[in-house]
1. Of all residues in the range 194-225, which are part of a loop (DSSP other than H, G, I, E, B) and either open to solvent by less than 50 Å² (accessible area, probe 1.4 Å) or touching a helix residue (DSSP H, G or I) at 6+ places or on another chain (Cβ under 8 Å) (or both)?
2. Which one of V22, V61 is in contact with an Asp or Glu (Cβ under 8 Å, 6 or more places away or on another chain), of a type in the set (A, V, I, L, M, F, W, C), assigned to a loop (DSSP other than H, G, I, E, B) and modelled with pLDDT of 80 or more?
3. Working carefully through the options A357, A370, A334, find the one that is farther than 20 Å from N316 by Cβ, aliphatic (A, V, I, L, M) and under 36 Å from the mean Cα position of the chain (by Cα).
4. Select from the range 22-70 the residues that are crowded, with 16+ Cβ neighbours inside 10 Å and basic (K, R) and write down the one among them that is nearest to the chain's Cα centre (by Cα).
5. For D142, which of the numbered conditions (1) at pLDDT below 90; (2) open to solvent by less than 80 Å² (accessible area, probe 1.4 Å); (3) under 24 Å from A72 (Cβ atoms); (4) not aliphatic (A, V, I, L, M) fails to hold?
6. Out of V121, V92, V82, which single residue is β-branched (V, I, T) and modelled with pLDDT of 90 or more?
7. Please count how many residues of the range 177-198 are aromatic (F, W, Y) and at pLDDT 90 or above.
8. Any residue in the range 308-324 that's part of a loop (DSSP other than H, G, I, E, B): show its pairings with residues that are among the basic types (K, R) at Cβ separation under 7 Å, as long as the two are six or more apart or on different chains.
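The values are calculated or read from the model by the stated rules, or taken from the named source; none is laboratory data. All figures in this text were calculated on a predicted structure; none of them were measured in a lab. Cβ: placed from backbone, ideal geometry, glycine included. Neighbour counts: every protein chain shown. Remember, those area values only see protein heavy atoms, side chains included, never the ligands or the DNA or RNA. Shrake-Rupley method; radii C 1.70, N 1.55, O 1.52, S 1.80 Å.
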Amino acid sequence: MKKILLLLFVGFLITGCKKDKVDATDPKSFQSSINDMASSLTTLQQVKFNEALYILKTFGVDADGDLNEIKALGKLINGMKVPGILALADQVARKNGIEWTSTGPPSLGEMNIFGSEDAKVTDPNDISANGLSIDVQPVATDHILGAQSLQIIPRLVDNSGNNIRFEGAALETVLDVFSGGNKVLTSKNLMLDNSFKGFNLRFASLPAQKIIDGKIDITVSVKTTKKTFKMSKIGVEVNPKALLMPAGNPADNPANPDPNDPNQIPLESVDPNETAGSTTGTAPQKSNADPKATVSKFLGSLGSQNLRGAYEVSDNPNWGSYENFSNPTSGFGAVKNISVKNITTNSTSANSASVNATYDVTDKEGRTTALLVTFGLKNANGEWKISSYKIN
């Protein structure tokens, strides 16, 4: 009887030592704690748990190589329990556009972040392919500002260039973007089958100052069990109007007007307390030298929320009184910030002018809209005043 009680006590101790949360003190403790946590789950739960770990290892950390990814994963989930890991994997999958959820059926095959990647008899990632093709197409085209992104679709192909049919895989697919020989962006996703939607590369994610000659080089790699396939597209043109412009001084923005132009008032030089009617005791500069100076000042005042200053450089009957102009619902009172991309003078005569301005306007709710506006101006006593405003 004493022997039986002793055995039960020892068994209780062994069971009680199992870990229910991640211990990433060292690689051995990390793997041991993961195994302990998995052993308390049903078979289906174990599969989803392993899939969640794979999602986090592949997309939740920024590291190169399996060993470094596992170390980074340990730091990410150290101290977490199974429900927290599954919830975090759901967030990472949504963020990266991966069609996976912790509550869905098993979809990634046999995942083992610590195991060998040797091919198994039923390994869904063991795809027999001869190469990789990629198709690059401009999408989200604005009729004014042009394409806003590129859709990049890779396909595994046979030796004749035909697409291979497969499903149930989880092929790590990496997009690298270069310009002038320097890496600009990296993105990862999972190719579950050969209907993979690919990557949507938004131009707004590419810093304008890093894009050389308006072109990028695109490289896509797809990792199967036995081989990694890679293909590149060189010299893909981008839309300069849609690139991410540098913050801060507009003079650093190559799309903004030249601040050294003597006929132009730079946006950053606009005094929030200044109005068009103010004087400094010196003869005013003739605005009709270039009417875009008035538009520049108008947008600068709006961007600094100096609505009175913006209103004073206008004479537009459609805007009515200052109260209507500054109305936060129907007027310009909702504007929080303006980022100018370009201002150009279309035409000028003695008494009228037309100016185009391309800019992003952000309202006080945080919504940003890209606009191309044609400003009509009239010469009022030697000064250009905005008399019409048309969103194209």
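1. So in the range 194-225, the residues part of a loop (DSSP other than H, G, I, E, B) come out as 194-198, 206, 211, 213-214, 224-225.
Scanning the range 194-225 gives N194, F196, G198, L206, I211, G214, T224, T225.
2. V61
3. It is A370.
4. Within the range 22-70, the match that is nearest to the chain's Cα centre (by Cα) is K57.
5. It is condition (3) that D142 fails.
6. Unique residue meeting the criteria: V82.
7. 1
8. Between residues of the range 308-324 that are part of a loop (DSSP other than H, G, I, E, B) and residues that are among the basic types (K, R), the close pairs are V313/K297; V313/K385; D315/K378; D315/K385.
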